[in-house]
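**Q** One structure coming up, written as structure tokens, with questions to follow.
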Amino acid sequence: MSSDTVNPAHDTARGPIGDIARISTDDTHTFFFDHPLDHIPGMLLVDTALHRAEYLAARAGRHTTGPLRVRALDLTFNGLCERSCDAFVHLRENGPGGRAFTLDVRQDEVSLCTGSLRLEPAPQRELFVQAPEQAPGQVPEHGCPRRAPAELVHKKSSDNVLIAPLRQTGEHNYTTTMIAPPAGRWPDVHPATVLMEAIRQTATITSHTAWDIPTDWQYILMSIRLTLSDTTTWPAAPELVCHISPLKGRARGGIDIGVQVDGAQAGHMHLKARAVPPAAYRRMRAAASKTAEATV
């Protein structure tokens, strides 16, 4: 099987293990592992939680017949998820209805990520129906969508870039258009995960462009807060509008990104990350490795 058609996190999320899902350490899935990583990426944690929440809601049978859509997600990341041992997403229903959950990602009894998510019934699971490569102004004559430079969104392959080139639309505003993967590519990845990855890429390229952060710096995700206005299916690919403030130092930064469809606000995401120079990142990871060895 192609690594693009099997999401190990999705498979484990469907297992009969109550409200706990194991996070896969398999690095063959190109959506999550575009290039070698020394830890489990945050988007894999998010995707595991989304699939598991959908499974629990469906099993409870408390929602109307049909798909569910993410309406809100609020996560705080407390540390990196290591590849050396199993990590698990713990979900708990937050009140009646079976569509709101509190989650906790734990590894070796240490909490790595905490937060909440809320699902609501929707006409369809996909966020939008029009392929973004059909968006006006985004397709060259040969038919392939123009994509942002892979290096500026921390990807190795341009096929894994989910946004068009960045445009400055104001003194502190930058805008791009989401590019969905071709039909059949990563069908197992949750649509909301794909949207959040596109937004993460938008925040990353904007930080390099507006704040002049070197491209070899490592970004450590600190928090994600996503809200969508409703569960209607968008008629077009969303525009991602990034508003930034002057950066106070290079260590930490937060970026607000609006999700717009046909000029109307359809959602919003706030992302916080810490940018770490290569040498400092190596020291941090070496210290973490020594701590792990000491606890074995």
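**Q** Inside segment 190-212, can you point out the residues that are in contact with a Phe, Trp or Tyr (Cβ under 9 Å, 6 or more places away or on another chain), of a type in the set (A, V, I, L, M, F, W, C) and open to solvent by 10 Å² or more (accessible area, probe 1.4 Å)?
**A** Matches in segment 190-212: Val194, Ala210.
**Q** Of the numbered conditions (1) within 21 Å of the chain's Cα centre (by Cα); (2) at pLDDT 90 or above; (3) among the acidic types (Asp, Glu), Glu109 fails exactly one; give the number of that condition.
**A** Unmet condition: (1).
**Q** Then there's this: For a quick check of your reading of the model, give me the residue pairs whose first member lies in segment 221-244 and is on the phi < 0 side of the Ramachandran plot, whose second is of a type in the set (Phe, Trp, Tyr) and surrounded by fewer than 20 Cβ atoms within 10 Å (Cβ to Cβ), with beta-carbon atoms closer than 8 Å and at least 6 apart or on different chains.
**A** Final answer for the pair search is Ile244/Trp211.
**Q** Right, another one. So, Asp230, is that one at pLDDT below 95, within 18 Å of Val261 (Cα to Cα) and either open to solvent by 20 Å² or more (accessible area, probe 1.4 Å) or assigned to a helix (DSSP H, G or I) (or both) or not?
**A** Yes, satisfied.
**Q** Now a separate question. Only one of (1) modelled with pLDDT of 90 or more; (2) touching a His at 6+ places or on another chain (Cβ under 8 Å); (3) over 22 Å from Ala122 (Cβ atoms); (4) among the aliphatic types (A, V, I, L, M) fails for Ala279. Which number is that?
**A** So Ala279 meets the others, but not (2).
**Q** Need pairs with beta-carbon distance below 9 Å; first residue touching a residue at least 60 places away in the same chain (Cβ under 8 Å) and within segment 114-127, second loosely packed, with under 15 Cβ neighbours inside 10 Å and of a type in the set (Asp, Glu); sequence gap 6+ or separate chains.
**A** Between residues of segment 114-127 that are touching a residue at least 60 places away in the same chain (Cβ under 8 Å) and residues that are loosely packed, with under 15 Cβ neighbours inside 10 Å and of a type in the set (Asp, Glu), the close pairs are Glu120/Asp230; Ala122/Asp230.
**Q** Got at least one residue in segment 164-185 being touching a Ser or Thr at 6+ places or on another chain (Cβ under 6 Å), modelled with pLDDT of 95 or more, buried (at least 22 other Cβ atoms within 10 Å of the Cβ) and among the small types (Gly, Ala, Ser)?
**A** Yes, segment 164-185 contains at least one residue that is touching a Ser or Thr at 6+ places or on another chain (Cβ under 6 Å), modelled with pLDDT of 95 or more, buried (at least 22 other Cβ atoms within 10 Å of the Cβ) and among the small types (Gly, Ala, Ser).
**Q** Next up: Need the failing condition index for Ser3 against (1) at pLDDT below 95; (2) closer than 19 Å to Leu119 by Cα; (3) open to solvent by 30 Å² or more (accessible area, probe 1.4 Å); (4) touching a His at 6+ places or on another chain (Cβ under 9 Å), just the number.
**A** Single failed check for Ser3: (2).
**Q** Would you pick out the residues in segment 115-155 that are assigned to a loop (DSSP other than H, G, I, E, B) and at pLDDT 95 or above?
**A** Arg147, Ala148, Pro149, His154, Lys155
The values are calculated or read from the model by the stated rules, or taken from the named source; none is laboratory data. Everything numeric in this text was worked out from a predicted model, so none of it was measured. Backbone-built Cβ (ideal geometry, glycine too); neighbour counts: all protein chains shown. Protein only, heavy atoms only, side chains kept; ligands, DNA and RNA dropped before computing areas. Shrake-Rupley method; radii C 1.70, N 1.55, O 1.52, S 1.80 Å.
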